[in-house]
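Just below is one structure, and these are the notes that go with it.
Any read-out appearing in this document is the output of simple, stated calculations on the displayed coordinates, not a laboratory observation. This is a predicted model, so every value here is computed, not measured. For neighbour counting, all protein chains shown are included, and Cβ atoms are generated from backbone atoms with ideal geometry for every residue, glycine included.
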Number of protein chains: 2
Amino acid sequence: MTSSPSALLGALDPTSDRAVFRQIADHLREAIDKGRFTEGAKLPSEAELVEHYGVSRMTVRNAISILQGEGLVHAEHGKGVYVRPRPPVRRLASDRFARRHREQGKSAFTVEAEAAGSRPEVDQLEVREERPSQDIAARLGGARKVLVRRRRYLLDGRPVEFASSYLPLDLARNTPIAQPNPGPGGIYARLEELGHRLERFEEEVRARMPAPAEVKTLRLAAGVPVIHLIRTAYDTEGRAVEVCDTVMAADAYVLAYQLPAI
Amino acid sequence: MTSSPSALLGALDPTSDRAVFRQIADHLREAIDKGRFTEGAKLPSEAELVEHYGVSRMTVRNAISILQGEGLVHAEHGKGVYVRPRPPVRRLASDRFARRHREQGKSAFTVEAEAAGSRPEVDQLEVREERPSQDIAARLGGARKVLVRRRRYLLDGRPVEFASSYLPLDLARNTPIAQPNPGPGGIYARLEELGHRLERFEEEVRARMPAPAEVKTLRLAAGVPVIHLIRTAYDTEGRAVEVCDTVMAADAYVLAYQLPAI
């Protein structure tokens, strides 16, 4: 059952120079934002909106396509248009790579997932030796060959992140880091055991629309951007010992950071 | 002059189960990524692509619309489709709120703009007293009334960011913070003069597609997301003295942060 659109949506403004389909999209968006249509709720049907606004089907369709593009609604073929449920958002804390977590034998991903009450999983794991891109090589101080660890992270069965870790080959070859499962605490714990005591991480954060392969890997809804995060780990001697290049579903994350005032 | 598409684009793969318009979009995207079509370059015309691939105009149009959605190209009516120039990206350093910048009488925005060799501007400035949203009130430790400073930032004439700063009214009223121009070093310098020595900032970073009003304010191209950043400034007594809610054009920024390993 859907409520009558007339109870939930306003009337068009005939004096506005805003195109009619945009006005309709504005009404629907406002109704969603204000909770008049809640997550998972069905929007009024095309026929109901045609009737309510006195416009053509094409105008209604154009309005809906705007909301789809913004990731607010999704169409289920032959059934209707629904308000997209917002996935649980994970907050990545600014202390997520603190040594005390590694010493508990936990990876940052596990720490965060547990804090959020979610079930973490990793799949599509690939470990191999490669020649790095110019950008990765430069970040690693000119490494010519690297060990790459690629993997996808899922929370409660939903893919949320695809990460590629690059380590200088001379440092990682024939170590537990080259094993599919590097052991408790993950590769950062292993790096420290190998004598590379970690001092700090630098992260660069960008946002953009996903490429088609990323839409597929992360099962992204239309209108959901990705956060592209590049993290470099430095040891106490100032050497870059790992670069992690991560593409994250933007609707699944909040990144938290602390900045010094001093 | 455009080069012949046959020299720059491959042939369709008839054995692929990937839809033909997606294959064409893939070819064009790859050619852009590899620099075969550079920034500002014109893509082959619809007619040339129809001829090259032996497909309908509609198929070509669908392929182009994918690239428009990703923000890679823009159509100029009656002229053609062009590779969208990437605006200069500003890197926001992790020390951008350090006291030494304030002591030089510079705001963080000015510091960053100068580092990037750009001309900074601020417009649409509005200063007023308001009742805050629940979220802002909670972040400010339960403030019932706030002073709000809203403004748009431009770099070399291009809008890049719209920011709203909220300060507890009891702290900001009848101070230089309530003046349109709060003076050298900006509101953080004034807060410190008022006895609120700043200790740290917390930032929360999200990415999403823009709402229509944000597209307008920031003059965003299709397929460009926004970074939504909420920063809270804390004084040395642990009081939240300002919340800055900022919406940034994602194609204009890289945010840099340091994370402790200890």
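Brief remarks on what is shown
- Loop-located GluC sites (Glu not before Pro) in the stretch A:156-209 whose Cβ has at most 10 other Cβ within 10 Å (DSSP): none
- Between A:R152, A:R206, A:R96, the GNM of chain A built on Cα springs shorter than 10 angstrom shows A:R206 fluctuating the most.
- Table column - 3J(HN,Hα) (Hz), the stretch B:169-175, Karplus curve with 6.51, -1.76, 1.60, x for Gly and Pro: 5, 4, 9, 9, 4, 6, 10
- Exposure proxy for A:H228, A:H74: other Cβ atoms within 10 Å of each Cβ, ordered fewest to most, give A:H74, A:H228.
- Each part gets one Cα centre, and for the stretch B:63-103 versus the stretch A:230-262 those centres are 22 Å apart.
- Antiparallel bridge percentage (DSSP; both residues within chain A; nearest 5): 95
- Neighbour-limited loop hits for chymotrypsin sites (Phe, Trp or Tyr not before Pro), the stretch A:1-54 (at most 11 other Cβ within 10 Å; DSSP other than H, G, I, E, B): none
- Global geometry of chain B, whether rounded, prolate or oblate, following the gyration tensor of its Cα atoms and the 1.5 cut on a/c: prolate
- Electrostatic dipole magnitude of the protein assembly as shown [Cβ: Lys, Arg +1; Asp, Glu -1; Cα centre; debye, to 20]: 60
- Gyration tensor verdict on the stretch A:1-78 (Cα atoms; rounded if a/c is under 1.5, prolate if a/b is larger than b/c, oblate otherwise): rounded
- Per-residue Cβ neighbour rank within 10 angstrom, fewest leading, B:H101, A:H77: A:H77, B:H101
- Classification of the stretch B:161-262 by its C-alpha gyration tensor yields an oblate form. The axis ratio a/c (a ≥ b ≥ c) is 1.5 or more, and b/c is at least a/b.
- In the elastic network of chain A, a GNM with C-alpha springs shorter than 10 Å, the most mobile of A:V73, A:V83, A:V50 is A:V50.
- Total charge dipole magnitude, the stretch A:119-262, about the Cα centre, Cβ charges on Lys, Arg, Asp, Glu only, Debye to nearest 20: 340
- Charging the Cβ of each Asp and Glu at -1 and of each Lys and Arg at +1, and nothing else, the dipole of chain A about its Cα centre rounds to 400 debye.
- The distance between label points at B:D156 and B:T110 comes to 2.2 nm (points 7 Å beyond Cα on the Cα→Cβ vector).
- Charge dipole of the stretch B:8-107 about the Cα centre (unit charges at C-beta), most positive-ward option of B:M58, B:V89, B:T15: B:V89
- For chain A, built as a Gaussian network whose Cα springs stay under 10 Å, the top-fluctuating residue of A:A115, A:A233, A:A47: A:A47
- Euclidean distance of C-alpha centroids, the stretch A:171-194 and the stretch B:125-195, integer Å: 47
- Helix-only CD estimate at 222 nm, as mean residue ellipticity for chain A, using -39500 (n - 2.57) per DSSP H run (n ≥ 4): -7500 deg cm²/dmol
- Near the amide H of A:F37, within less than 5 Å, lie the amide hydrogens of A:I32, all on another chain or at least 5 residues away, with H placed in the peptide plane.
- The stretch A:5-83: relative contact order as a whole-number percent, Cα under 8 Å and 6+ apart: 35
- By other beta-carbon atoms within 10 Å, ranking B:T246, A:T38 with the fewest at the front produces A:T38, B:T246.
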